1. Would a scan of the stretch 65-73 turn up a residue that is hydrophobic (A, V, I, L, M, F, W, C) and either over 16 Å from Ala187 (Cα atoms) or not in a helix (DSSP H, G or I) (or both)?
2. Between a first residue in the stretch 133-155 that is within 14 Å of Ala187 (Cα to Cα) and a second residue that is of a type in the set (Ser, Thr, Tyr) and modelled with pLDDT under 85, which pairs have beta carbons less than 6 Å apart while being 6 or more apart in sequence or on different chains?
3. Could you go through the stretch 117-128 and let me know if any residue there is open to solvent by 40 Å² or more (accessible area, probe 1.4 Å), more than 20 Å from Tyr39 (Cα to Cα) and modelled with pLDDT of 70 or more.
4. Restricting attention to the stretch 76-86, and to residues there that are free of Cβ contacts under 8 Å to residues at least 12 places away in the same chain and in a helix (DSSP H, G or I), which single residue is least open to solvent (accessible area, probe 1.4 Å)?
Amino acid sequence: MDTITGSLSLHDRTSSRARDPALAARVRRGDQNAFAELYRRYHCRVLAFAQKRLADAAEAEDVAQDVFLALFRSIDRYEGRSSLLTWIFGIAHHEVCNRFRRRSVTTTAFGDEAHEIAAPAPSADEVIDASRALRRCAETLERTVSPAQRKIFALRYGAARSVESIARETGRSAAAVRIGLLRSRRALDAQVAEVEELLAS
């Protein structure tokens, strides 16, 4: 790697691509160290990709988390025909597009003026369903993750704090906070079907 520009040389890119299938195979077998390596290797690039397109650092962090959660779920489909990074960027592109579709307020031009169209208010049944799902999330986190991870999760999704501010408050690195969030989301994903919808809103 060129330490001045931060770019990978042709040798580094070729070497990384040659290691991708082996790394993916280790992740498929449940090797947490392999997933952590994959996360360390590609997280910054996914985050930069999302930030450039969304122009919102907090939303880009959420997209990066969603990308690695989707990657974890779909690693069995990686066939090695492209580099792992190319495949991950495909997932990232999909997640960014989903964010644009989910935005609750859209702007539509009528003549020379732009008008905001707000999303409809949720029904009472939707509110009750969301409350039940949130209760299941809390119960699942209580059983499956450490108190420190629950605190990180609550700060991120309950208090809408940035990863950097959580890292400062908890005395952890930003990377450790992101990994803790990813583990909590994986635990929730395995137990609570509505988790993606809840965390996206």
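1. No: zero hits.
2. That search, which allows pairs on different chains as well, returns Val145/Ser184; Gln149/Ser184; Phe153/Ser184.
3. no
4. Across the stretch 76-86, the extreme among qualifying residues is Thr86.
The rows are residues; the columns are (1) open to solvent by 80 Å² or more (accessible area, probe 1.4 Å); (2) in contact with a helix residue (DSSP H, G or I) (Cβ under 6 Å, 6 or more places away or on another chain); (3) within 23 Å of Leu155 (Cβ to Cβ); (4) modelled with pLDDT of 85 or more.
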| residue | (1), (2), (3), (4) |
| --- | --- |
| Ser7 | no, no, no, no |
| Thr14 | yes, no, no, no |
| Asp20 | no, yes, no, no |
| Arg29 | yes, no, no, yes |
| Gln32 | yes, no, no, yes |
| Tyr42 | no, yes, no, yes |
| Phe49 | no, yes, no, yes |
| Ala58 | no, no, yes, yes |
| Val96 | no, yes, no, yes |
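The values are calculated or read from the model by the stated rules, or taken from the named source; none is laboratory data. Quick caveat, the model's predicted, so the values are computed rather than measured. Using ideal geometry, Cβ is built from the backbone for each residue, glycine included, and neighbour counts are taken over all protein chains shown. Keep in mind that these areas ignore ligands, DNA and RNA; they rest on the heavy atoms of the full protein, side chains included. Shrake-Rupley method; radii C 1.70, N 1.55, O 1.52, S 1.80 Å.
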